[in-house]
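The block underneath contains the structure these notes are about, expressed in structure tokens.
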Amino acid sequence: MRYLHLHAIFIFSFIYNLLGCSGSESQFDATEAAPVAMEESYEPAATDAEADGTDLERKLVKEGNITFETNDMQQRREIVAAAVSKYKAYVASDQTYNGGTRITNNMQIRIPAENFDAFLADVLQGVGNLDSKDIQVTDVTENYLDVAARLKTKKELESRYLELLKKANSVSDMLEIERQIGELRADIESYEGRLKYLDNRVSYTTLHLSFYKIMPNSPAFVQKFKRGFVNGWNNLIWFFILLANIWPFLLFILALFGFLVYRNRKNS
């Protein structure tokens with residue numbers, strides 16, 4: 001009886017080891033199917049908010065373009081600089097152009113989204129009419145959720161490959177799994193970069209600000225004034241030349257006019 005008991009234990013251990021080996025082999029073979037199964041699971045991440053019953057936070061990108069005239073360029077620049085410091089914004093680009101008749105200052109400013117309206121009110125303080133004002137808001141929520149879902153899927157798949165790498169029994173298996181992990185890592189870094197870019201655009205509003213000052217005493221204005229004076233003098237000379245050519249007709253008209261006045265006075 002004891003012999004039968006030991007024999008049964010031996011048979012059970014052999015079957016257990018056999019199933020364990022075949023199980024690890026089938027688990028490794030499943031790596032080929034793993035990418036397909038995981039790649040098809042993007043949408044659930046986008047609907048997590050709905051499943052939890054919470055409101056979905058919209059991802060909005062705001063961008064503005066404003067142009068106006070100012071009487072004092074330096075004062076306006078100081079106002080903009082004060083607003084930049086006050087509302088924790090920063091100037092991405094600052095360019096000044098002198099076109100002769102006017103000086104133009106073009107600035108690209110990144111402003112925290114929650115401070116955009118207050119920043120704009122401070123910058124436009126004392127400005128009369130705007131030449132142009134264009135504020136656009138783009139909803140990138142769908143794009144953001146899609147990228148986030150793909151990133152989550154890639155990370156889960158990477159974790160599965162890392163577990164399989166620990167159980168690989170041959171060098172070829174290890175190399176194949178590491179190749180898959182390398183491709184996944186490149187995709188993950190790409191998606192992470194895309195999310196950072198979207199987060200930056202949502203967190204900071206981009207304002208293209210352009211203000212200018214007309215320069216009445218500019219060299220171009222002086223040249224135009226000189227040219228107008230010369231043209232006026234030339235036209236006066238041509239007027240006298242015209243009178244010299246038609247003086248007989250003028251003399252006849254003056255004589256006729258004098259005769260009519262004389263006869264009118266005589267009759268009265």
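For the reader, a short list of remarks on this structure follows.
- E142 meets each of the listed conditions (1) within 30 Å of A89 (Cα to Cα); (2) not in a helix (DSSP H, G or I) apart from (2).
- Among (1) surrounded by 15 or more Cβ atoms within 10 Å (Cβ to Cβ); (2) closer than 30 Å to V61 by Cα, the one test that K133 misses: (1)
- Qualifying residue in segment 175-188 (condition: surrounded by 10 or more Cβ atoms within 10 Å (Cβ to Cβ), in contact with a helix residue (DSSP H, G or I) (Cβ under 8 Å, 6 or more places away or on another chain) and in contact (Cβ under 8 Å) with a residue 60 or more places away in the chain): yes
- Test: residue in segment 115-125 that is surrounded by fewer than 18 Cβ atoms within 10 Å (Cβ to Cβ), modelled with pLDDT under 90, of a type outside the set (D, E) and not assigned by TED's automatic domain parsing to the domain that holds E183: yes
- Selection count where residues are under 21 Å from the mean Cα position of the chain (by Cα) and crowded, with 16+ Cβ neighbours inside 10 Å, scope segment 70-112: 10
- When residues in segment 233-262 are screened for being of a type in the set (S, T, N, Q) and surrounded by fewer than 10 Cβ atoms within 10 Å (Cβ to Cβ), 2 of them pass.
- The conditions of being within 30 Å of G100 (Cβ to Cβ), out of contact with any helix residue (DSSP H, G or I) (no Cβ under 7 Å at 6 or more places or on another chain) and modelled with pLDDT of 90 or more are met by Y212.
- Candidate set: segment 60-97, residues that are free of Cβ contacts under 8 Å to residues at least 40 places away in the same chain and assigned to a strand (DSSP E or B); chosen: the one farthest from T206 (Cα to Cα): Y97
- The set of residues in segment 111-166 that are of a type in the set (S, T, N, Q) and without any contact (Cβ under 8 Å) to a residue 40 or more places away in the chain comprises N115, S159.
- Of all residues in segment 88-106, those satisfying the criterion of being hydrophobic (A, V, I, L, M, F, W, C) and in contact with a helix residue (DSSP H, G or I) (Cβ under 7 Å, 6 or more places away or on another chain) are A89, V91, I103.
The values are calculated or read from the model by the stated rules, or taken from the named source; none is laboratory data. Not measured: the values here are computed from a predicted model. Ideal geometry is used to build each Cβ from the backbone, glycine not excepted, and the neighbour counts take in all protein chains shown.
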